[in-house]
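Working notes, structure below.
Every read-out reported here was derived from the displayed coordinates using simple, explicitly stated rules and does not represent laboratory data. Keep in mind that this is a model prediction, so the values were computed, not measured. Don't worry about glycine lacking a Cβ; one is built from the backbone with ideal geometry, like all the others, and counts go over all protein chains shown.
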Amino acid sequence: MKYIKENIFSNPEMLPTRDGFGKALVELGEINEKIIVLTTDVAGSVRANWFAEKFPQRFFDLGVAEQNMISVAAGISLENKIPFATTFGAFITGRVWDQIRVLVTYSKTNVKLVATHTGVTVGEDGATHQILEDIALMRVLPNMTVVVPSDFNETKKAIFAAANFKGPIYIRLGRQKAPLITTDDAPFEIGKSQKLRDGNDVTIIACGVLVYEAMLAAEKLDKLGISSRILNMHTIKPLDVDSISEAAKTTGAIVTAEEHQIAGGLGSAIAESVIKQNPVPIEMIGIKDVFGMSGTSDELLTYYGLRADNIVDSVKKVLKRKK
């Protein structure tokens, strides 16, 4: 359990990943004058206001004009600056996909896209704001890197890594408080997954808030005599294919877990990789081709089957298919 916080099962500390973003921006702003932050009338919600209060000359609120924000960010990047463009996930992906495709990924501009308020855990805001397709939209684009941090600490590291990374990157964050899983000294490298737990019977590969549910599931599986490996696949693109291949070879079965449509998301990416390397049975936890609805974060995670118990059930199912 190296690099795992203590008491994550009995009394986890709860912090929103969007807060990790806000904190990281301020720290980056203090050491790097090239950091520029742009948003679209939601500075407080995405925590960009923390940067704005300290560095008003490097902050731009463009109003409700997300497409324009991408255009401005691309232009700023051409002046050797590092723009972080941020708004809700529903607005920074689907609404501006054409601008991202042409001005960011096709043009290979050094734009950092940070989405908050993603997944069903947006809660009461409902289906229009609960973006469940963004990973698919972003990972299909050439030259785009896609990162989905699991907690506050990992988010801060991801933001710092993005600032030092040359090229387009999309980082997916949440609105709600989420359990703090990883320690301050846990390593983070874009494109390199994190093994949180070793096991021989099955591998559970998760991203975002579902990493915590995967850890809970592993505890339950232990009591059933099932040894589960946990991979925190924080980078969806480029995938850590070596770790996936080794896990498939060693454990012979995989369960994926994500707060996103199964189609085109983490599960699809893992399957695309596994089929080329070491084909093994896979079960996928995620949204099953439906839109979200209003409700609390906890209610919706349960309603859509994104809980530890659902992962346990999928492990049992995949083990029956294991040769």
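Give, as a single signed number, the net charge of other residues whose beta carbon lies under 10 Å from the beta carbon of Val202, with Lys and Arg counted +1 and Asp and Glu -1. Here the count lands on +1. Taking a straight line from the alpha carbon of Lys317, these lysines sit under 27 Å away, with near neighbours fewer than eight places off in the same chain left out: Lys195, Lys220, Lys223, Lys249, Lys276, Lys288.
Find the centroid of the Cα atoms in the range 256-323 and in the range 215-253, then give the distance between the two in whole Å. Taking the Cα centre of the range 215-253 as reference, the centre of the range 256-323 is 13 Å away. Pairs of lysine residues in the range 14-179 that meet both criteria, 8 or more places apart or on different chains and Cα atoms under 13 Å apart, total 9. For the range 194-318, averaging the sequence separation of C-alpha pairs within contact (under 8 Å, six or more residues apart) and dividing by the residue count gives a relative contact order of 29 percent. The mean sequence distance of close C-alpha pairs (under 8 Å, at least 6 residues apart), as a share of the length of the range 14-179, puts its relative contact order at 29 percent.
Residues whose amide H lies under 5 Å from that of Asp41, counting only those 5 or more places away or on a different chain, are Leu62, Gly63; hydrogens are built 1.01 Å from N in the peptide plane. For the peptides 15-28, 222-235, 267-280, the ranking by packing is 15-28, 222-235, 267-280, with the highest mean count of neighbouring Cβ atoms within 10 Å listed first.
Axis of helix 308-321 versus longest Cα principal axis of the chain: the two differ by about 50°, to the nearest ten degrees. Couplings 3J(HN,Hα) for the range 89-102, derived from phi with the Karplus relation 6.51 cos²θ - 1.76 cosθ + 1.60 (θ = phi - 60°), are x, 5, 9, 8, 10, x, 5, 10, 4, 5, 5, 5, 4, 8 Hz, where x marks Gly and Pro. When the Cα positions of Ala43, Val120, Pro142 are compared along the charge dipole of the range 30-181, Pro142 comes out farthest toward the positive end, with charges on each C-beta of Lys, Arg, Asp and Glu. The separation of the range 78-93 from the range 162-177, counted between C-alpha centres, amounts to 9 Å. Per-peptide packing, taken as the mean over residues of other Cβ atoms within 10 Å, places 136-146, 197-207, 289-299 in the sequence 197-207, 136-146, 289-299 from highest down.
Couplings 3J(HN,Hα) of the range 215-222, computed from phi: 5, 4, 4, 4, 5, 5, 5, 4 Hz, in residue order, whole Hz [Karplus 6.51 cos²θ - 1.76 cosθ + 1.60, θ = phi - 60°; x for Gly and Pro]. Seen against the Cα atoms of the chain and their longest principal axis, helix 66-77 is set at about 80 degrees. The long axis of helix 17-31 is offset from the longest Cα principal axis of the chain by roughly 50 degrees.
Just need the relative contact order of the chain here, percent rounded to a whole number, with Cα pairs under 8 Å and 6+ apart.
Numbers: 748 pairs, mean separation 58.4, N = 323.
Here the relative contact order equals 18 percent.
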